[in-house]
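The values are calculated or read from the model by the stated rules, or taken from the named source; none is laboratory data. Worth saying up front: this structure is predicted, and the values here are computed from it rather than measured. Note that each Cβ is placed from the backbone with ideal geometry, even for glycine, and that neighbours are counted across all protein chains shown. Side chains are part of the model used for accessible areas, which takes the heavy atoms of the whole protein and leaves out ligands, DNA and RNA. Shrake-Rupley method; radii C 1.70, N 1.55, O 1.52, S 1.80 Å.
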Amino acid sequence: MCVPETCNRRRFTEISAGDLFKADSGHSQTVLHSVLSLTATMSFAEQIKAMMPDLVNGKTHQQVEEKLAAFDRMQGSHVVNGFKFPAAVQPSNLEALKTFEVRDDDVYVFTYPRSGTHWVGEIMQYILHDGKGDYDRTFMNNGLEFTSTDDPIQLDGVTPGYKLYAAMASPRCIVSNCLESFLPPQIFTKHGKVIYVARNPKDVLVSLYNLMGAEQLDFDEMFFGFVQGKVVLGCWFDHVLSYWNHRDKENFLFIKYEDLHKDLRGSICKLAKHVGKDLPDDVIDDIVERVTFGGMQKTYQQIEEEHGEEGKLMTRFLGVTPWLRKGKVGNWKNTFTVAQSALFDKIYALRMKGTGLDFDFEL
């Protein structure tokens with residue numbers, strides 16, 4: 001006898017793919033009612049798992065999960081309060097966020113990984129410094145909750161991000177991939193400005209795969225882990241929607257990566273207004289030029305030329321893989337299969353229904 005979860009998965013698959021389309025109309029209504037009753041009792045995780053093909057790259061679900069677990073062990077990932085974190089986000093860092101001192105002139109840029117963190121961080125630094133580029137670039141390789149080093153063995157001897165930011169002069173622009181439930185409580189009681197940047201999840205998945213998983217995992221295995229929230233920093237849907245719920249707060253601004261591409265100048269003006277900066281047109285124009293993909297590539301190249309290996313730690317993940325990859329909308333189409341895209345669309349529709357939030361998947 002199969003376990004209940006497996007039975008539910010098989011039953012859901014058999015009913016939806018077989019009986020529903022082959023039965024006569026009267027029986028179809030009965031079957032449809034059975035499907036709806038079943039799904040109503042299933043969690044999102046159970047429904048998504050039920051959508052997965054029985055074999056992923058020739059492997060059973062258990063075999064894929066074992067491979068993902070081995071990848072996590074190799075990366076030094078760990079779990080805190082049910083959420084998976086990379087080695088660089090130490091439990092002591094998360095504990096310290098509970099008492100992190102928020103300043104009223106702070107600007108926070110929060111994102112799910114690979115969603116424009118560095119791009120918007122760069123934009124905000126230019127805005128806060130009136131278009132000048134001589135600002136502290138600590139943010140480039142120091143997230144609030146991270147301890148950044150290219151050697152995980154040295155973590156205990158490296159100053160964590162929250163301490164670096166605590167020592168930084170105002171105005172601070174603080175970047176982070178922090179889950180909403182781990183935010184410093186003062187975010188909600190003080191007047192610091194919060195910006196959340198969200199990117200369509202298909203492009204996020206491909207970018208995350210190329211940054212972290214391509215050498216160890218097949219894309220369909222990464223797909224399996226991503227849609228079920230089995231990757232570090234958890235489920236994209238949960239991360240994004242938790243911040244979306246704060247969109248009406250006065251100090252919160254929720255923006256989309258795709259909207260930056262559609263209207264970069266207008267988006268910069270919107271960001272400047274959010275933090276109380278009224279910049280002249282020529283300064284805005286200069287910022288626009290500096291933060292295009294080509295402009296940022298030029299800046300990053302200069303940083304590497306001037307600072308060597310230290311510069312690469314700012315412009316590259318672990319000093320190796322460039323933070324700037326494609327910077328496009330719709331690049332997912334070069335990686336997803338037609339079947340993967342269709343499956344993802346079903347999962348997206350399930351999770352986003354009724355939220356009022358939607359994304360452009362191509363421009």
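Miscellaneous remarks
- The set of residues in the range 150-174 being at pLDDT 75 or above and in a loop (DSSP other than H, G, I, E, B) consists of Val158, Thr159, Pro160, Ala167, Met168, Ala169, Ser170, Pro171, Arg172.
- Neighbours by Cβ (under 6 Å, 6+ apart or cross-chain): first from the range 98-116, closer than 30 Å to Tyr209 by Cβ and part of a strand (DSSP E or B); second open to solvent by 20 Å² or more (accessible area, probe 1.4 Å) and hydroxyl-bearing (Ser, Thr, Tyr): Thr111/Thr117
- Condition check for Phe226: free of Cβ contacts under 8 Å to residues at least 60 places away in the same chain and touching a His at 6+ places or on another chain (Cβ under 6 Å): no
- Some residue of the range 296-307 being hydrophobic (A, V, I, L, M, F, W, C), open to solvent by 90 Å² or more (accessible area, probe 1.4 Å) and modelled with pLDDT under 80: no
- Filter result for Phe237 (over 27 Å from Thr189 (Cα atoms), of a type outside the set (D, E, K, R) and either touching a helix residue (DSSP H, G or I) at 6+ places or on another chain (Cβ under 9 Å) or open to solvent by 20 Å² or more (accessible area, probe 1.4 Å) (or both)): no
- Inspection of the range 200-211 identifies at least one residue that is touching a Phe, Trp or Tyr at 6+ places or on another chain (Cβ under 9 Å), part of a loop (DSSP other than H, G, I, E, B) and open to solvent by less than 10 Å² (accessible area, probe 1.4 Å).
- Flag for Leu179 being open to solvent by less than 40 Å² (accessible area, probe 1.4 Å), of a type in the set (A, V, I, L, M) and under 22 Å from the mean Cα position of the chain (by Cα): yes
- Of all residues making up the range 334-357, the number that are without any contact (Cβ under 8 Å) to a residue 40 or more places away in the chain and either surrounded by 13 or more Cβ atoms within 10 Å (Cβ to Cβ) or in contact with a helix residue (DSSP H, G or I) (Cβ under 7 Å, 6 or more places away or on another chain) (or both): 0
- From the options Leu155, Leu233, Leu211, residue that is hydrophobic (A, V, I, L, M, F, W, C), on the phi > 0 side of the Ramachandran plot and touching a residue at least 40 places away in the same chain (Cβ under 8 Å): Leu233
- Residues of the range 122-140 satisfying the condition of being modelled with pLDDT under 85 and either surrounded by 23 or more Cβ atoms within 10 Å (Cβ to Cβ) or aromatic (Phe, Trp, Tyr) (or both): Tyr135, Phe139
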